[in-house]
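Chemist: Let me give you the structure first, and then I'll get to my questions.
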Amino acid sequence: LGPLPSPAASRAAFDIPEHAFVIGALGRLSVEKAHDNLLRALAIVSAAAPDALLLLAGDGPLRDPLRAFARELGLADRVRFLGEIQEKSDRSNVPDTPTFLGMLDAYALPSDTEGTSLSLLEALACHVPAVATAVGGIGRLLPSSQSIPARWPSPINCPTLPGAICHSTRSLAYR
């Protein structure tokens, strides 16, 4: 990936407030990635962190339904759909992978099924605190406090993901 750009410069380039608490996810917007659970978690995290912002990088068949769900949850102004990003990008309105990761305070991977996620490995390599569901090889990459059971009894009411996001960031100072 190379060196990360400065968080302040990355955030300024994409009009993200420097004080915002930025959670990010990178991946295909499809059912197995469970981004709907991440939106539910954001609704809970937002109560404790009113400056929380979610960046979703990727595209797929659930882009429009996820946008609608974000609006339904009252989160339209807290979620940004960035579209596909590349390791290196020449598009001024879309960050490349290092810029994207450099903007984050926390990385989230809420997948219902996953192998060993390259995006999670990239986030960890860039020292971005991460939370993920313990599916596939993910459980071996993260401590138990940051990995979440894959099958939740009731995803709508389960505080596990927002709790893990908050736990992973307790020692963080805002950038």
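Chemist: Residue by residue through region 53-60, which ³J(HN,Hα) values in whole Hz follow from phi under the Karplus form 6.51 cos²θ - 1.76 cosθ + 1.60 (θ = phi - 60°), with glycine and proline marked x?
Modeler: 9, 10, 10, 9, 9, x, 9, x
Chemist: Moving to a separate point now. Hey, can you grab everything whose amide H is under 5 Å from the amide H of Thr133? Only 5+ residues off in sequence or another chain; H modelled, so Pro and N-termini drop out.
Modeler: So Thr133 has HN proximity to Leu109, Ser111, Ile148.
Chemist: Skipping prolines and chain starts, which residues have an amide H placed within reach, meaning under 5 Å, of the one on Ala52, given they are 5 or more residues away or on another chain?
Modeler: Phe21
Chemist: To continue, here is another question. What figure in square angstrom, to the nearest 10, would you give for the accessible area of Leu118 with a 1.4 Å probe?
Modeler: About 120 Å², ignoring ligands and nucleic acids.
Chemist: Report the calculated FRET efficiency for Arg140 and Val31 (r = Cβ-Cβ distance, R0 = 25 Å), to the nearest 0.05. If you can, show how the numbers build up before the last one.
Modeler: Values: r = 24 Å, r/R0 = 0.97.
Efficiency computed from Cβ-Cβ geometry: 0.55.
Chemist: Once R0 is set to 35 Å, what does the formula 1/(1 + (r/R0)^6) return for the Cβ-Cβ distance between Asp51 and Glu84, expressed as a FRET efficiency to the nearest 0.05?
Modeler: Numbers: r = 27 Å, r/R0 = 0.76.
So, using R0 = 35 Å, E works out to roughly 0.85.
The values are calculated or read from the model by the stated rules, or taken from the named source; none is laboratory data. Bear in mind that the values here come from a model prediction, so they are computed numbers and not experimental data. Quick reminder, even Gly has a Cβ in these numbers, built from the backbone with ideal geometry, and neighbours come from all protein chains shown. In case anyone asks, the SASA skips ligands and DNA or RNA and just uses the protein heavy atoms, side chains included. Shrake-Rupley method; radii C 1.70, N 1.55, O 1.52, S 1.80 Å.
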